[in-house]
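Here's the structure, in structure tokens; my notes come after.
Values quoted throughout were computed directly from the atomic coordinates according to the rules given, and no laboratory measurement underlies them. From a predicted model like this one, the values you see are computed outputs, not experimental measurements. Please note: Cβ atoms are built from the backbone with ideal geometry, for glycine as well, and neighbour counts cover all protein chains shown.
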Amino acid sequence: MIRSFLHKLFHWIWSVFLNGLITILPLTLTIALFNVSFKLLKGWLKPVARLKPHFLDFVPHAEILIVLLFVLLVGTLLNLFLARSIVHAFEDIIARTPLIRPLYAGIKQLVQAFSMQDKDSFKSVVMVEFPRKGMYSIGFLTGELPQTLQPSDTMHVNVFVPTTPNPTTGFLIIVPQDEVKIIDISRQEAMALIISGGIIKPEKIAAK
């Protein structure tokens, strides 16, 4: 009798503990991730913190404010034709540097591909049978395969399939166009789905 009571009491306590843990864990992990990211950002901005003007000493984390204002200034100047010409000239110099050129070009293309403004790099979010028949992966349609590289008379397309949880690596697969299924979610929603391993679902799908 006492053993049964203790067993039920322990089961109730364990159930209550799990409910509390499941409720608190997302919040604590979010705070922990934000804290780690903030400390990492502060570490990157140490040179800016050492060079900041003395009149900003009373402003907490002023180096972050300085960088935000600098990025805003650069974005504003890029709207001017002269500033844009200077940036292009600087990029031309980098393009002639043997060791830096491939790294810079690759990073720039990757950033532009994942940005909100680029509408051409990742044309559509698609689903394809990969890595074998009966298994499906979410990828991004990047364009048609050049005619000279077509493996058959059927039109083939290029699809980039990112990996989880690091979407900056993945697979370039070439598949027949009629085997590619376009799915109705945005690129950002697809990236969240891939990075989270399917845990974070697009709102319009989760609502249904």
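Among the trypsin sites (Lys or Arg not before Pro) in segment 29-112, those located in a DSSP loop and surrounded by at most 14 other Cβ atoms within 10 Å of their own Cβ are ARG96.
In a reduced charge model with +1 at each Lys and Arg Cβ and -1 at each Asp and Glu Cβ, segment 124-207 shows a dipole moment near 280 debye about its Cα centre. Here the residues PHE122, PHE58, PHE130, PHE17, ranked from fewest to most Cβ neighbours within 10 Å of their Cβ, fall in the order PHE58, PHE17, PHE130, PHE122. Across the options ILE174, ILE195, VAL125, the greatest Cα extent toward the positive end of the charge dipole of segment 124-207 (unit charges at beta carbon of Lys, Arg, Asp, Glu) belongs to ILE195. Annotation: extensible slack from LEU72 through ARG50 equals 5.8 nm (criterion: 0.36 nm per residue apart, minus Cα-Cα distance).
Using the Cβ-Cβ distance between THR97 and LEU149 with R0 set to 30 Å, the FRET efficiency works out to roughly 0.50. Centroid-to-centroid, using Cα positions, segment 173-191 and segment 139-160 are 13 Å apart. Shown is the FRET efficiency for PHE10 and ILE31, computed with R0 = 25 Å from the Cβ-Cβ distance and rounded to the nearest 0.05: 0.25. Shown for the chain are the DSSP H helices of 27 Å or more along their axis, judged by Cα atoms, with a mean Kyte-Doolittle hydropathy of at least -0.5: 2-44.
Each residue, LYS181 and ILE86, gets one label point 7 Å from its Cα in the Cβ direction; the gap between the two is 5.2 nm. Calculated on C-alpha atoms, the gyration radius of segment 124-207 divided by its Kirkwood radius gives an Rg/Rh of 1.00. Segment 54-75 and segment 1-36 have Cα centres lying 42 Å from one another. For the chain, lysine pairs separated by 8 or more sequence positions, or belonging to different chains, with Cα-Cα distances below 25 Å total 18. How big is the Rg/Rh ratio for the chain, C-alpha atoms only, Rh by Kirkwood, two decimals? Reported Rg/Rh (Cα atoms, Kirkwood Rh): 1.12.
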